[in-house]
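Trainee: Quick one: the structure is below, and I'll ask about it shortly.
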Amino acid sequence: MKTSRTISRREWLGGAAAAGALGLGSPAFAKAPMLKTQVPAFYRFMHGNFELTVVSDGVLMIGEPKPETFGGVTKDVIDNTLRQNFLPTDNVALEQNVLVVNTGDKLVLFDAGTGTSKMFGDKAGRLLANLRAAGIDPKDVDAVVLTHAHGDHCWGLVDAAGARNFPNAQIYLTQSDLEFWTDEGKKSAPFIGAFIEPTRTALLPSRDRIVFVKDGQEILPGIQAIAAPGHTVGHTIFMITSQGKTICNLADVAHHHVLVVENPKIEFAFDTDGKQGAATRIRVFDLLAAQRIPFLAYHFPWPGIGYVAKRGDGFHYTPSIVQTAL
């Protein structure tokens, strides 16, 4: 009669070590050099009749997460929440997920990244290279839709010499954000003053190409603007619909996929009006959760596509399954 015995972990490890010492199971291959470069970051999928491509502009490191940045929660809550989700507590990384929509008639870019500025660190400003790697020529872009006029969303409209990176595109933006972030009178204002001149450089040379966006407007076929103020005065999200399927470009309604989603009343330091930003966040999340609408969040972990569901007094983010083949 045959008998079987379960091999213990200690025996298994001992056997593996012995095999390694004898060179068993280890064919002698030449060492390959480490490449120490990342692959181009783009992700493509179909949405009805539209082809959507998420293209990375790189990552922003905003430093240690503190109550001064994520207002309304204590440092202990911040650190415990991050640890429970296997996230570092010493530095917060925010991705920059730029959406490109090919409707079959128009090539539409949502936001333009940081450009050549190093204000946000040396891991940002990679949009143009990743667009080209994705087979998208910046000259073919028909429309650049700016969700708002913060530097990490609009400074990439121009290169270091001030030339247009998307020379054939119209630019869509709210009038309130254009006026606020190009106002010379704000140059001496605390915090925001440093952003004014670079934003003027990015936007004002293309003033004749700017089309103002209004709440509820279908700015292009299948693309509807919805006002979502708070992060900036004219911050806008967009519902993108094709063949009855809708996805939301969430822009900067929420910057962190755990802290701000689980604690939606947080007042983020970079919001123009933190209380209004929190109220907008809850309103938008309620809508997305109730209607089970997927979204793309600009600063969530790559590629930033997923869903929110109600959980207690907050929400829970579930990333969408990434498709490796179209």
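The values are calculated or read from the model by the stated rules, or taken from the named source; none is laboratory data. Quick caveat: nothing in here was measured; it's all calculated off a predicted structure. Note that each Cβ is placed from the backbone with ideal geometry, even for glycine, and that neighbours are counted across all protein chains shown. What goes into the accessible areas is simple: the full protein's heavy atoms, side chains included, and nothing from ligands, DNA or RNA. Shrake-Rupley method; radii C 1.70, N 1.55, O 1.52, S 1.80 Å.
Trainee: When the accessible area of the chain is computed with all protein chains present and a 1.4 Å probe, what percentage of it is carbon and sulfur?
Mentor: Answer for the chain: carbon and sulfur cover 54 percent of the accessible area.
Trainee: Take the Cβ-Cβ distance between Ile226 and Thr37 as r, set R0 to 35 Å, and report the resulting FRET efficiency rounded to the nearest 0.05.
Mentor: E(calc), rounded to 0.05, equals 0.35.
Trainee: Taking square-rooted eigenvalues a ≥ b ≥ c of the alpha carbon gyration tensor, is the range 157-226 rounded, prolate or oblate, where a/c under 1.5 means rounded and, failing that, a/b exceeding b/c means prolate?
Mentor: Working: a/c = 2.85, a/b = 1.37, b/c = 2.08.
Oblate, since a/c reaches 1.5 and b/c is not below a/b.
Trainee: Once you've got the GNM for the chain with C-alpha springs shorter than 10 Å, pick whichever of Gly162, Gly135, Gly277 has the biggest mean-square fluctuation.
Mentor: Evaluated over the chain, the most mobile residue of the options is Gly135.
Trainee: Compare Ser188, Ser206, Ser176 in a GNM of the chain, Cα atoms joined below 10 Å, and give the one with the largest fluctuation.
Mentor: Taking springs between Cα atoms under 10 Å, the residue moving most is Ser188.
Trainee: May I ask for the angle, rounded to the nearest 10°, between helix 9-22 and the longest principal axis of the chain, with both axes built from Cα atoms and the value confined to 0 to 90°?
Mentor: So the helix axis and the longest Cα principal axis differ by about 90 degrees.
Trainee: Okay, next question. Given axes a ≥ b ≥ c from the Cα gyration tensor, I'd like to know whether the range 167-326 is rounded (a/c under 1.5), prolate (a/b larger than b/c) or oblate.
Mentor: oblate
Trainee: So with the 1.4 Å probe, I'd like the accessible area per residue for the range 179-304, rounded to whole Å².
Mentor: That works out to 41 Å² per residue.
Trainee: Which of rounded, prolate or oblate describes the range 31-115 when judged by the alpha-carbon gyration tensor and an a/c cut-off of 1.5?
Mentor: Here the range 31-115 falls in the oblate category.
Trainee: Still on this model: Quick check on my link table: of Lys66/Lys214; Lys186/Lys265; Lys118/Lys214; Lys106/Lys186; Lys36/Lys66; Lys214/Lys275, which ones sit more than 26 Å apart, alpha carbon to alpha carbon?
Mentor: Cα-Cα > 26 Å for Lys66/Lys214; Lys186/Lys265; Lys118/Lys214; Lys106/Lys186; Lys36/Lys66; rest within.
Trainee: Over all Cα pairs of the chain, how is the pair count split among 20 Å bins, expressed in % and running from 0 up to the last occupied bin?
Mentor: 29, 51, 14, 5, 0
Trainee: With angles folded into 0 to 90 degrees, how steeply does helix 193-203 sit against the dominant principal axis of the chain? Use alpha carbons for both and round to 10.
Mentor: 80
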